[in-house]
Amino acid sequence: MSTVLNDRMKNVWILLLFLTTLFVLNGCGTSNNNASSNGNDQKTIHIGYQKYGTLNFLKAKKTLEKKLEPKGFTVKWTEFPGGPQLLESLNVGSIDLGHTGEAPPIFAQAANAPLIYYANEPPNPKGEAIIVPKDSPIKSLEDLKGKKIALNKGSNVHYLLVKALEKAGVRYEDVELAYLPPSDARAAFEKGSVDAWVIWDPFLAEAERKTEARILADGTDLVDNREFFLVSEQFAKDQQDALDIIYNELKNTEKWVSENKGEAAEFLSPQIGMEKETVELTLGRKTFGFEKITEEVIEDQQKIANQFHDLKLIPNEIKVNDAILEQDK
């Protein structure tokens, strides 16, 4: 059996194991996939967030709690190392909503996760990149052939690598992949255990500043790199009023960040444990705007899903439109 077939069979078995785990967790009553009650006529909204994003600013500013409290809601925040892990938690009902890039919801939808695309930010292609050590002999995307590349499996950068290799004429099967979360990938990158690393901001900015990593290619002319805000299907159906409040607070928060980048960087730096200069670099190349899902965005997501299926990264075809609220179609 070829290495490629082996890899593809592994992907299928991993997905089957993931589905089995979810079935067991749901059968054990992990959650009802909805905002939970604390017994005092208050409901807790569980929000998942990553190292960086508009949700981080919203969490730090604490304005959402003030808006939701009169409606009988409290908020619980949980941090995740990446989008795939966040959506696994949403799938089993541990969180009600969160944010990821373009690729994680496609993998999650292929695993029958009951997720809904609710809103997104505009394309931000410079917010992720393929990087190599400053003295690396790798000078072009073509040079990645036969090399070992670190990335968080199923994350946005997974699609960036697919498109970059496609542009360079390098087969996906002709590179060796090391599936590592950002912290482990950073360690492997610095030790020289991998030849390249595909990563997103602010980890990208941190690597540039701390290791003098060289950007081989960012997402420009390759990917959109949108950030999505996703909710569980049950939460979207049952808590529309709360969801509207969250949407408005996210929109207002992002507007404040876009108009006060210096202050925002200084404000967020201690919250995420990164230097202000790293956050400033990240904000300096970020695009701003916050909107409900559009038909164009759905079509773009479908193209990614189709390509992932062609590469056997997901075992079945999916329709992104199935994860859109009926009133938003």
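The values are calculated or read from the model by the stated rules, or taken from the named source; none is laboratory data. Source: prediction; values computed, not measured. Positions of Cβ are backbone-derived with ideal geometry, glycine not excepted, and every protein chain shown enters the neighbour counts.
Laid out as a table, the results:
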{"item": "Whichever residue in segment 149-190 is part of a helix (DSSP H, G or I) and of a type in the set (Asp, Glu) and, among such residues, is farthest from residue 105 (Cα to Cα)", "result": "190"}
{"item": "Members of segment 45-75 that are surrounded by 15 or more Cβ atoms within 10 Å (Cβ to Cβ) and outside any helix (DSSP H, G or I)", "result": "45, 46, 47, 48, 49, 50, 51, 52, 53, 73, 74, 75"}
{"item": "Any chance residue 269 is among the hydroxyl-bearing types (Ser, Thr, Tyr), modelled with pLDDT under 95 and touching a helix residue (DSSP H, G or I) at 6+ places or on another chain (Cβ under 6 Å)", "result": "yes"}
{"item": "Entirely in segment 232-329, the helices (runs of 4 or more DSSP H) that have 2 or more residues that are in contact with a strand residue (DSSP E or B) (Cβ under 7 Å, 6 or more places away or on another chain) and over 28 Å from residue 208 (Cα atoms)", "result": "233-238, 240-259, 295-310"}
{"item": "Within segment 154-173, considering residues that are more than 17 Å from residue 226 (Cα to Cα) and among the charged types (D, E, K, R), the one surrounded by the fewest Cβ atoms within 10 Å (Cβ to Cβ)", "result": "171"}
{"item": "Failed item, numbered, when residue 111 is tested on (1) in contact with a Ser or Thr (Cβ under 9 Å, 6 or more places away or on another chain); (2) more than 27 Å from residue 258 (Cα to Cα); (3) in the same structural domain as residue 308 (by TED's automatic domain parsing)", "result": "(1)"}
{"item": "Residue 176 being in contact (Cβ under 8 Å) with a residue 12 or more places away in the chain and either farther than 22 Å from residue 52 by Cβ or in contact with a strand residue (DSSP E or B) (Cβ under 9 Å, 6 or more places away or on another chain) (or both)", "result": "yes"}
{"item": "Pair list, Cβ < 6 Å and 6+ apart or interchain, from segment 263-280 residues that are within 22 Å of residue 77 (Cβ to Cβ) to residues that are in a loop (DSSP other than H, G, I, E, B) and of a type outside the set (Asp, Glu)", "result": "272/51; 274/202; 278/202"}
{"item": "Qualifying residue in segment 226-248 (condition: hydrophobic (A, V, I, L, M, F, W, C) and within 26 Å of residue 310 (Cβ to Cβ))", "result": "yes"}
{"item": "Residue within segment 195-205 that is in a loop (DSSP other than H, G, I, E, B) and closer than 17 Å to residue 127 by Cα present", "result": "yes"}
{"item": "Residues of segment 311-326 classified as surrounded by 18 or more Cβ atoms within 10 Å (Cβ to Cβ) and either touching an Asp or Glu at 6+ places or on another chain (Cβ under 7 Å) or among the acidic types (Asp, Glu) (or both), total", "result": "0"}
{"item": "Yes/no for residue 209 being over 30 Å from residue 96 (Cα atoms), in contact with a helix residue (DSSP H, G or I) (Cβ under 7 Å, 6 or more places away or on another chain), surrounded by fewer than 22 Cβ atoms within 10 Å (Cβ to Cβ) and touching a residue at least 12 places away in the same chain (Cβ under 8 Å)", "result": "yes"}
{"item": "From the options 276, 319, 251, residue that is among the basic types (Lys, Arg) and within 30 Å of residue 44 (Cβ to Cβ)", "result": "251"}
